[in-house]
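The values are calculated or read from the model by the stated rules, or taken from the named source; none is laboratory data. As the structure is a prediction and not an experimental result, all values here were calculated from the model. Ideal geometry is used to build each Cβ from the backbone, glycine not excepted, and the neighbour counts take in all protein chains shown. Accessible surface areas use protein heavy atoms only, side chains included; no ligands, DNA or RNA. Shrake-Rupley method; radii C 1.70, N 1.55, O 1.52, S 1.80 Å.
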Amino acid sequence: MMNLDYRIDNYRFNARVSAIIYNKDKTKVLLFTINDGRDYYMLPGGRIEMYEDSLSAIKREIKEETGFTLDFNLCSIQENFVTRNNVNITQYCFCYKALYSEDIKKLQFVCKDNDNQHFKWFDINELEKIKIYPNSTKKLIIQDDNHIKHIIEK
């Protein structure tokens with residue numbers, strides 16, 4: 001299938017999904033980094049495919065990357081605008097929350113479909129010590145309400 005990811009001249013648009021996955025008592029959250037010199041973490045997720053809804057996309061991405069089968073609830077829609085290598089990128093991200101109800105067997109593990117992607121469970125009260133992108137992510141992780149947020153980040 002083809003991802004919703006288009007480039008025209010110096011502009012790029014993509015649609016993705018991400019997930020805030022808590023452990024069962026909501027003291028930890030799952031984040032990942034890519035081993036290419038990056039010094040920051042992100043929420044697990046990935047690109048939405050053509051003619052795929054965001055809920056199906058997040059279920060598929062999390063299953064592919066972690067092996068987890070979870071129930072997800074939409075928590076935010078983010079519009080992110082960044083410029084990287086002279087390309088103006090517009091990214092729409094549908095962010096979901098889920099609970100991993102099993103015991104955590106490994107605090108760190110490698111992604112099932114990408115050896116360069118590494119997952120780690122972080123204590124929620126230590127999030128201020130790490131760099132997470134996009135910037136609004138920490139606030140979404142900490143907020144524990146059922147209101148869907150609309151975030152525009154430039």
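Before moving on, here are some points about what is shown:
- Part-to-part distance (alpha-carbon centres) for the stretch 112-154 and the stretch 14-78, which is given in Å: 10
- Distant-in-sequence amide H partners of Ile48 (H built 1.01 Å from N, under 5 Å): Leu4, Ala15, Arg16, Val17
- When each of the peptides 121-134, 65-78 is scored by how many other beta carbons lie within 10 Å of its residues on average, the order from highest to lowest is 65-78, 121-134.
- Helical mean residue ellipticity (222 nm; -39500 (n - 2.57) per DSSP H run of 4+; nearest 500) of the chain: -3500 deg cm²/dmol
- Note on the stretch 59-127: the alpha carbon radius of gyration divided by the globular reference 2.2 N^0.38 Å gives 1.36.
- Solvent-accessible area per residue in the stretch 15-122 equals 51 Å², computed with a 1.4 angstrom probe and all protein chains kept.
- For a label point 7 Å along the Cα-to-beta-carbon line of Phe13, residues of the stretch 77-98 with backbone N under 20 Å: 77-84, 86-95
- Within the stretch 12-154, DSSP assigns beta bridges of which about 60% are antiparallel (rounded to the nearest 5).
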